[in-house]
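Where a number appears in this text, it was derived from the coordinates with a stated rule and is not lab data. As the structure is a prediction and not an experimental result, all values here were calculated from the model. Here the Cβ is made from the backbone with ideal geometry for all residues, glycine too, and neighbour counts use every protein chain on show.
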Amino acid sequence: MFKSSLRKCCRSFRFHRSYSSYDRPSFQLTGKNKKSLETGLKYVLAGGIGYAIADTFEHNRRDRGLGKSVLPLDDLDSPQYCEPGKLPGVINQIKAVVGNDPDNFTQSKTELDSHSDTSFNTHHATPEERPAIVIFPKSTEEVSQIVSICHDNKVPVVPFSGGTSLEGHFLPTRRSDTVVLDFSKYMNKVLKLNKTDLDVEVEAGVPWEDLNDMLGEEGLLFGCDPGPGAQIGGCVANSCSGTNAYRYGTMKENVVNLTVVLPDGTVVKTRRRPRKSSAGYNLNGLFTGNEGTLGIVTKATVKCHVKPKFQTVAVVSFDAVENAAACSSSFTQQGIQLDAIELLDDNMMKVINSQAATFRTDWKEQPTLFLKIGGRNERIIQELVHEVENIAKTYGSTGFEFAKDDDEKMLLWEARKFALWSVIDAGKSIKGQGSNVWTTDVALPISNFARVIMETKEEMNSSPLVNATVGHAGDGNFHAFLIYKDDEERKICEKIVANMVRRAIDADGTCTGEHGVGIGKRQYVLEELGQEPVDLMRRIKLAIDPHRIMNPDKIFKIDPHDNNDNHP
């Protein structure tokens, strides 16, 4: 390595030839010229040796990660992105792809702000963290062309759909170097329903509620039901779930195939439409939950499910949250097949009453289970209701009611769906309009669910923060909502969240069941999985995205000088 570097250094030196009367070439060095050359060679050799040594160290440092299956962060340099002076020309190339039509892009401050942050993010963009431009593509082909331009010029790309994620997933950490691709404006079509096969092909910008409404007219439903406003591209990127996951699975179980634009603009389709396949790697699993760090999902074929012919909602109250949690676990352990099992604590029920979030304000202000009970006929429903009521009584239930018709069913379920927004409104009325919400989630084996939720609730109640807890109790996933008003209360909030997450990890759980990692939970992923699995993810990331342009700095660090752990 040293010799090759020295050789490169000396290649530029040439000697002048002269010819004698015998036409034989000879090199002539005499007197003053000889002395000058000797002096020059000393400097050249010294400089060449210095260059060679430096080049050797740099090459060895770059090669530390080569030949390894994993990629530690220390083996990387900081990524080098597009030079500021070159960026305007790149932006003009991108504008040309969308026809230089102002309807297809925006650089207005309002739009740049709204594509950088939300009031309900756990971590917020700084004033400097704004993209250069937001593009509204119309097709996979346009996305491919734009991403190819960004790849060639090392411009970071952040995909955007509903903007409802919570852990800082779309923060433009690389600031004005960044291009945002928003799929909500044009790429929002349901392309094809294959009713016999129970799947549907959609574009990334389709809101899940719109898809569900369309499927409902066919007697079908989409299995996942995340927060209001979420769109399919984000559902895939964050591997969403929601209240129905207990019955129908998370997004990972509901993806049939994906169309993905890779970081160099290559378009891949992960597979065809079989319900199972053992043909090659599971690319669906690779891109579902990748948070836009490996590629951009432009289309998805997802499963449909047949709606229950009959369904009711039951509401069951308890004196203590640990009794409600233990009861929910018992349903699963005894093989009771319910469509959803949701837990709202006493604080949450108080908020729902105080904020008049539903059609009634006289809910029992106790820990409460909301259950969806479905079946093929009314007799099955009644038998399940009776069985559920008996199990609940063994855990000290204090109240049991169930919907008598579809309208009442919808009204009862409203309390669960408006939980987050009710807490936000309550926080503003108690703490002031400048208050902020921190919402986070963990998931656990159901055997540890009751203990961890009880310990977390005790810590939250001992703090000065407005708080509430809700859970997808059927699969051991619960959420904490915390309202803080200033930096001092935020520090309290950070400590509670850290304890909650570590409590879950210590109980063999995960730092996030459905919110994803983003910026907010990168350190906890490392604590949960350990160094080697994260290094393996980093190796996969750089194999697919060598310029590190795809949604940089999310899930794990890609820059040894990254300081986003202290993000506001």
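Per DSSP H run of n ≥ 4, the term is -39500 (n - 2.57); total these for the chain, divide by its residue number, and report the mean residue ellipticity at 222 nm rounded to 500 deg cm²/dmol.
Per the formula, -12000 deg cm²/dmol.
Report the net charge of residues surrounding GLU514, where surrounding means a beta-carbon distance below 10 angstrom and charges are Lys +1, Arg +1, Asp -1, Glu -1.
Details: positive: none; negative: ASP441, ASP475.
Computed value for this residue: -2.
5 Å is the cut-off here: which amide hydrogens, built 1.01 Å from N in the peptide plane, fall below it relative to MET550, excluding neighbours closer than 5 in sequence?
VAL157
State the extension gain, in nm to one decimal, for the chain segment bounded by GLN80 and ASP152, taking 0.36 nm per residue of separation less the distance between their alpha-carbons. Provide the component values of the computation, followed by the final result.
Numbers: separation 72, 0.36 × 72 = 25.92 nm, distance 1.23 nm.
Extending this stretch completely gives an extra 24.7 nm.
Just to confirm the filter: which trypsin sites (Lys or Arg not before Pro) across the stretch 257-291 are DSSP coil and have at most 11 other Cβ within 10 angstrom of their Cβ? Please list the in-between numbers first.
On the way: sites: LYS269, ARG271, ARG272, ARG275, LYS276; in loops: ARG271, ARG272, ARG275, LYS276.
Within the stretch 257-291, the qualifying trypsin sites (Lys or Arg not before Pro) (loop, at most 11 other Cβ atoms within 10 Å) are ARG272, ARG275, LYS276.
Full-extension gain between ASN377 and ASP319, please, as 0.36 nm times their residue separation minus the C-alpha to C-alpha distance. Working shown, then result.
Values: separation 58, 0.36 × 58 = 20.88 nm, distance 3.27 nm.
Here the answer is 17.6 nm.
Measure out, as a whole number of angstrom, how far apart the alpha-carbon centroids of the stretch 309-366 and the stretch 371-386 sit.
Using only Cα atoms, the two centres lie 17 Å from each other.
Roughly what would the spin-label model give for GLU387 and LYS364, points 7 Å off Cα along C-beta, in nm?
So the label points at GLU387 and LYS364 sit 2.3 nm apart.
For the chain, the longest stretch holding no GluC sites (Glu not before Pro) located in a DSSP loop with at most 16 other Cβ atoms within 10 Å is which? If you can, show how the numbers build up before the last one.
Working: sites that count: GLU128, GLU217, GLU218.
Segment 219-568 is the longest.
Could you state the number of Å between the C-alpha centres of the stretch 425-440 and the stretch 103-180?
So the separation of the two Cα centres works out to 27 Å.
Counting other Cβ atoms within 10 Å, which trypsin sites (Lys or Arg not before Pro) in the stretch 317-409 have at most 16 and lie in a DSSP loop? Mind dumping the intermediate values first?
Values: sites: LYS350, ARG360, LYS364, LYS372, ARG376, ARG379, LYS393, LYS404, LYS409; in loops: ARG360, LYS364, ARG376, LYS404.
Listed in order of number, the matching sites are ARG360, LYS364, ARG376, LYS404.
Which residues' amide hydrogens lie under 5 Å from the amide hydrogen of HIS515, considering only partners 5 or more residues apart or on another chain, with H built in the peptide plane?
none
Could you go through the stretch 100-109 in sequence order and give the Karplus-derived ³J(HN,Hα) for each residue, using 6.51 cos²θ - 1.76 cosθ + 1.60 with θ = phi - 60°, rounded to whole Hz, and x for Gly and Pro?
Per residue, the Karplus-derived 3J(HN,Hα) values read 6, 9, x, 5, 9, 7, 8, 10, 6, 4 Hz.
Can you give the Rg/Rh ratio of the stretch 310-516, where Rg is from the C-alpha atoms and Rh is the Kirkwood radius? Display every interim value, and only then the final one.
Values: Rg = 16.8 Å, Rh = 17.3 Å.
Looking at the stretch 310-516, the ratio lands at 0.97.
Could you tell me the calculated FRET efficiency between GLU488 and SER114, based on Cβ-Cβ distance and R0 = 35 angstrom, to the nearest 0.05? Could the numbers behind the result be given before it?
On the way: r = 29 Å, r/R0 = 0.82.
FRET efficiency, GLU488 to SER114: 0.75.
Return, for the Cα atoms of the chain, the radius of gyration and Dmax in Å, separated by a comma.
29.5, 118
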